[in-house]
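Enquirer: This structure is in structure tokens; I'll ask about it shortly.
The values are calculated or read from the model by the stated rules, or taken from the named source; none is laboratory data. Everything numeric here is computed off the predicted structure, so don't read it as measured data. Note that each Cβ is placed from the backbone with ideal geometry, even for glycine, and that neighbours are counted across all protein chains shown. Just so you know, the surface numbers come from the protein's heavy atoms only, side chains and all, with ligands and any DNA or RNA stripped out. Shrake-Rupley method; radii C 1.70, N 1.55, O 1.52, S 1.80 Å.
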Amino acid sequence: MGKRRRPRRGDEDVSALSKKQKKHLKDFGEQHPFYDKVSQRAERTQVVKLTESSEEESHESGSDPESEPENPTVYHQLLATLRHVSDDDEEEDTDDEEDNNNEGVEEAEGQSGAEEEGGASEEEDEDNGEDDDTAADKLSGEKAEGEKLMAEVEEDEDKGDKEPEDPTQEGEEFTDTKHESAFSLETNFIDADMEDHKDRPASPSAVTSADPFKKHVGRELEEDDITQISTSSKKTVSSKWPTLGQLAFTSTFKEALPVKLEKENEPDKLYLRKPLDCTWPNVNSLYLKKQTEQNFTSLQRELFTVMDSYKDLYYPSRLATALGEEIRHVYCLHALNHVLKANSQVLNNNTRKRDQRSGLDEEDLRDQGLTRPKVLIVVPFRESALRVVQILISLMEVPDKKVDVSNKKRFKDQFGCAPEDRPPNLRRPDDYEAVFSGNIDDHFRIGVAILQKSMRLYSPFYSSDIIVASPLGLRTIIGSEGEKKRDFDFLSSIEILIIDQADIYLMQNWEHVLHLMSHLNLQPTDSHGVDFSRVRMWSLSNWSKYYRQTLLFSALQEPQINSIFNKHCFNYNGQVAVKNTPKTGSICQVLVQLPHVFQRLEADSVLSVIDARFKFFTDKILPQYRDAIMSHTLIYVPSYFDYVRLRNYFKKEELSFTHICEYTDKPGISRARQFFLRGQRQFLLVTERFHFYKRYTLKGIRNLIFYELPTYPHFYSEVCNMMKAWRQGEEATWTCTVLYSKYDAQKLAAVVGAERAAQMLQSKKNVHLFVTGENN
């Protein structure tokens, strides 16, 4: 990765920052959102006259705020947060942040499988393939960097505090007053030459517009509607679309209607905000293979139809090698279209409020959330974030005029990949090359502020419209319960959540995703300078989660991903899930002649299946392989916890084995592979995450045991085909044993096919045999 440029001084005094804050500023280009400076302008006070009856009722019921402080309304809670923090208080908070932040960062970045004894945590930083920028990795150089930054700051002070004339100058700090005022929605007004007929000053009937954005955010739910959404059972309607295939529309709200596929997406029916209506055809032209396609491929057209209806979407066929960029382009279009419409609505109302037009109703000016960030895009690596931002910039660039992008050079340096950082040309599968190309650092976050003609990268979170981040990058900001300095208020008004490549998070740390979902759309603890007279009522009522649209893209259907969609999505418009069952499984891609024995184990519940699998393996499977004849046995273990449990059991029983996991260093991997190849160790334990990050071809396999079905179905055929790398005329003695239960239905269908999986789960027999390879 290219050399990072040091931040320059803006309004804040860099020399007064602590070493921890300087390192945070250097890594992410911004201070911790906890210290974001917000507008300190005086808010307009609304005087409400109560009737005599209401005053009497208030005194009789004893509902005075002073007498019952424990039961304030949400609106009063937010009003109570309006305060001006003194400089002394800010300095005290800075000291507390420096004392308490180290523990939170190190704790959040730990992997869920940190139980491994010995040097597992040290090996993780060295060879787990995730490239986490943990605090421990950087502490050694923190002192030198701090001293260097101090010297540079003192040199800048001697030269004077001169603002750069060019807003896009390299290394310019985003916190300068010029950019703050330029990108502040509260102090800006609609640009006359960018206004069109769809965005003129709104009238009270604007909510009846055919624009899906206005219909969605303008709908005012009632208490009865929320009760219905929260308590009613889901109703499902199935349909089949030409490209997406089988769709399942579910909703608990009676008024939510299934989405209908239009035969053709006419430009005037898409309601694209300028300049997207003219930039999208050029940006998307690379994927249009047929002349008959109008701006969208068949897949993009159907996906955008669901997105534009503001329903939740779960698409589990987002493969890394195909269609990934098409999907990324279309969800960037939808996200940017939403942001431009929302900002345009705010700017329009600013103009109306300034001009004080006749008949202006204060309720018509409610156009904001409690905080500014509207869209959260979660991606696994910096390379993915780079592509997302590049698409957003391309969509903003009118052919005759480039968009003004602040800190663009700095962004490319930090998120790009230098030629010397690229790995050597190793023989790896296509999906591996697609996933791990570019900068694969998974600890990042960046705010993006957008107006009609300009875009600002590295904007403070509370001045951003879009946040692009990884689960780990968000976790270090959100913190854990009990930490003094943690912040998640910027997630309070997220209106569109996009989780791309969700399957990769299973190989990173799924706990970070669950932690993020539990902190979305919560009431903020501070006002952050918001004008409450402009906040939508459903946001003040803590109903934002019922308006949030969630777009979930994954390469596979997996129970943990399904639970996110089923338990953390509450969109009143309903949900659309693509449910295509695989007709042929990955077992068809096994090239070696091999008998596959599938053995079903019985379990009473999902929680008990873990212990049931371990007992079944140690009592029924392992005794068959203890003989010296069954040497060269590879045991494939998807779960790291199961791996630790088996490793400890093998040590206790003093079996001849070696083991490799994602934390094993390169010398340890080489030794284990050599011991197994030469037969010096009978068993080799391998974790699925090791195979995901390395994709080594392990030679010497004669017997193969899948302790559990792989998360990725194509891993099954890949591991089986490793046997052909070591041919010594002993193919007839090769064996493959697979353990599965009734709770592995989705994984089993992906391996053997849907029809065979149904037969195996319903059959009275617990053992099933398949034979693959050529028959001589």
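Enquirer: Expressed in nm to one decimal, what extension gain is obtained for the pair Asn282 and Ala16 from 0.36 nm per residue of sequence separation less their Cα-Cα distance? Kindly include the intermediate steps, with their values, before the conclusion.
Expert: Working: separation 266, 0.36 × 266 = 95.76 nm, distance 4.72 nm.
Going from the current span to full extension adds 91.0 nm.
Enquirer: Normalised by the residues of segment 251-350, what does the relative contact order come to in percent, with Cα pairs under 8 Å and at least six apart? Before the final figure, lay out the partial values.
Expert: Details: 43 pairs, mean separation 30.3, N = 100.
Result for segment 251-350 is 30 percent.
Enquirer: Set the Förster distance to 60 Å, then compute FRET efficiency between Leu769 and Glu255 from the Cβ-Cβ distance, nearest 0.05.
Expert: Values: r = 53 Å, r/R0 = 0.88.
Between Leu769 and Glu255 the formula returns 0.70.
Enquirer: Give a residue-ordered list of calculated ³J(HN,Hα) values for segment 478-488 (Karplus: 6.51 cos²θ - 1.76 cosθ + 1.60, θ = phi - 60°; whole Hz; x for Gly, Pro).
Expert: 5, x, 10, 5, x, 6, 6, 10, 9, 8, 9
Enquirer: Now a separate question. What are the ³J(HN,Hα) couplings of segment 633-638, residue after residue, when phi is run through the Karplus curve with 6.51, -1.76, 1.60 and θ = phi - 60°? Round to Hz, x for glycine and proline.
Expert: Couplings: 9, 9, 10, 8, 10, x Hz.
Enquirer: With r defined as the distance between the Cβ atoms of Thr187 and Glu220 and R0 fixed at 45 Å, what FRET efficiency is calculated, to the nearest 0.05? Don't jump to the answer; show the numbers that get you there.
Expert: Working: r = 28 Å, r/R0 = 0.63.
Step by step, r from the Cβ atoms, then E = 0.95.
Enquirer: So which chymotrypsin sites (Phe, Trp or Tyr not before Pro) in segment 672-716 pass both tests, a DSSP loop state and at most 15 other Cβ atoms within 10 Å of the Cβ? The partial results should precede the final answer.
Expert: Working: sites: Phe675, Phe676, Phe683, Phe690, Phe692, Tyr693, Tyr696, Phe706, Tyr707, Phe715, Tyr716; in loops: Tyr696, Tyr707.
The qualifying sites are Tyr696.
Enquirer: For segment 732-749 and segment 651-668, what is the centre-to-centre distance using only Cα atoms, to the nearest Å?
Expert: 24 Å
Enquirer: On to the next question. Relative to a virtual label point 7 Å from the Cα of Lys567 in the Cα→beta-carbon direction, which members of segment 587-614 show backbone nitrogen distances below 19 Å?
Expert: 604-611
Enquirer: Separate question: Using the Cα centre of segment 504-638 as the reference point, and only Cβ charges (+1 on K/R, -1 on D/E), how large is the resulting charge dipole? Debye, rounded to the nearest 20. Present the calculation step by step, with values, prior to reporting the outcome.
Expert: Details: 12 positive and 9 negative charges, 80 e Å.
Taking the Cα centre of segment 504-638 as origin, the dipole is about 380 debye.
Enquirer: Gln593 versus Arg427, label points 7 Å from Cα toward the beta carbon: distance in nm?
Expert: 2.3 nm
Enquirer: While we're looking at this one, here's another question. Under 5 Å between amide H atoms, partner at least 5 residues away or on a different chain: which partners does Ser406 have, H built in plane at 1.01 Å?
Expert: Met455, Arg456, Leu457
Enquirer: Right, another one. Segment 308-330 to segment 505-551: how many Å between their Cα centroids?
Expert: 23 Å
Enquirer: Can you grab the distance from the C-alpha centre of segment 339-387 to the C-alpha centre of segment 447-496, Å, no decimals?
Expert: 15 Å
Enquirer: Now a separate question. Below 8 Å, C-alpha to C-alpha, sequence gap of six or more: please give me the relative contact order for segment 659-776 in percent. Please report the intermediate quantities before stating the final value.
Expert: Values: 96 pairs, mean separation 24.0, N = 118.
Dividing the mean separation by the residue count of segment 659-776 yields 20 percent.
Enquirer: Counting Lys and Arg as +1 and Asp and Glu as -1, what is the net charge of the other residues whose Cβ lies under 11 Å from the Cβ of Ala502?
Expert: Details: positive: Arg318; negative: Asp500, Asp503, Glu558.
Computed value for this residue: -2.
Enquirer: Quick one: which of Lys579/Lys694; Lys23/Lys694; Lys341/Lys408; Lys583/Lys742; Lys567/Lys747; Lys254/Lys567 span more than 28 angstrom between C-alpha atoms?
Expert: Result: Lys579/Lys694; Lys23/Lys694 exceed 28 Å.
Enquirer: Filter the cross-link list Lys615/Lys764; Lys289/Lys374; Lys311/Lys409; Lys22/Lys545 down to pairs whose alpha-carbon distance in this structure exceeds 28 Å. Don't skip to the end; give the middle numbers.
Expert: Details: Lys615/Lys764 21 Å; Lys289/Lys374 33 Å; Lys311/Lys409 36 Å; Lys22/Lys545 35 Å.
Those over the limit are Lys289/Lys374; Lys311/Lys409; Lys22/Lys545.
Enquirer: By how many nm would the segment from Lys235 to Asp604 lengthen if fully extended, with 0.36 nm per residue of separation less the alpha-carbon distance?
Expert: Details: separation 369, 0.36 × 369 = 132.84 nm, distance 2.80 nm.
This chain segment gains 130.0 nm when fully extended.
Enquirer: With every protein chain kept in the model, how would you rank Arg410, Arg645 by accessible area, 1.4 Å probe, largest at the top? Before the final figure, lay out each step's value.
Expert: Values: Arg410 5, Arg645 85 Å².
So the residues, ranked largest to smallest area, are Arg645, Arg410.
Enquirer: Can you sort Ser463, Ser317 by 1.4 Å-probe accessible area, starting with the largest? All intermediate terms of the calculation are to be shown ahead of the outcome.
Expert: On the way: Ser463 20, Ser317 45 Å².
Reading off the accessible areas and sorting them downward yields Ser317, Ser463.
Enquirer: What net charge is computed for the residues neighbouring Cys569, neighbours being all others with C-beta under 11 Å from the C-beta of Cys569, Lys and Arg scored +1, Asp and Glu -1? Don't skip to the answer; put the middle values down first.
Expert: On the way: positive: Lys311, Lys545, Arg548, Lys567; negative: Asp312.
Within the 11 Å Cβ shell, the charges total +3.
Enquirer: Taking the Cα centre of segment 386-512 as the origin, how large is its charge dipole in debye, to the nearest 20, when only Lys and Arg (+1) and Asp and Glu (-1) carry charge on their Cβ atoms?
Expert: On the way: 17 positive and 20 negative charges, 115 e Å.
For segment 386-512, the charge dipole is close to 560 debye.
Enquirer: Okay, next question. Per residue, how much accessible area does segment 605-653 have with a 1.4 Å probe, in Å²? All intermediate terms of the calculation are to be shown ahead of the outcome.
Expert: Values: 2390 Å² over 49 residues.
With all protein chains present, segment 605-653 gives 49 Å² per residue.
Enquirer: Could you pull out the trypsin sites (Lys or Arg not before Pro) across segment 425-502 that fall in loop regions by DSSP (anything but H, G, I, E, B) with no more than 12 other Cβ atoms inside 10 Å?
Expert: Numbers: sites: Arg427, Arg445, Lys453, Arg456, Arg475, Lys484, Lys485, Arg486; in loops: Arg427, Lys453, Lys484, Lys485, Arg486.
Taking segment 425-502 and a limit of 12 other Cβ atoms within 10 Å, the loop trypsin sites (Lys or Arg not before Pro) found are Arg427, Lys484.
Enquirer: Once the other residues with Cβ under 9 Å from the Cβ of Thr252 are scored (Lys, Arg +1; Asp, Glu -1), what is the net sum? The partial results should precede the final answer.
Expert: Numbers: positive: Lys234, Lys235, Lys254; negative: none.
Computed value for this residue: +3.
Enquirer: At 0.36 nm per residue, and after removing the present C-alpha to C-alpha distance, how many nm does the segment from Lys401 to Lys666 gain when stretched out fully? It would help to have the intermediate numbers written out before the result.
Expert: Values: separation 265, 0.36 × 265 = 95.40 nm, distance 5.09 nm.
Going from the current span to full extension adds 90.3 nm.
Enquirer: Using R₀ = 25 Å, calculate the FRET efficiency as 1/(1 + (r/R₀)^6) where r is the Cβ-Cβ separation of Glu483 and Gln228; round to 0.05.
Expert: Details: r = 37 Å, r/R0 = 1.49.
The calculated FRET efficiency here is 0.10.
Enquirer: Please list, ordered by chain and number, the residues whose modelled amide H lies under 5 Å from the amide H of Thr550; skip anything fewer than 5 residues away on the same chain.
Expert: Asp312, Leu313, Leu497
Enquirer: Under the Karplus relation 6.51 cos²θ - 1.76 cosθ + 1.60, θ = phi - 60°, what is the ordered set of whole-Hz ³J(HN,Hα) values for segment 390-402, x standing for Gly and Pro?
Expert: Computed from phi, the couplings for segment 390-402 are 4, 5, 4, 5, 4, 6, 8, 8, 6, x, 8, 8, 7 Hz.
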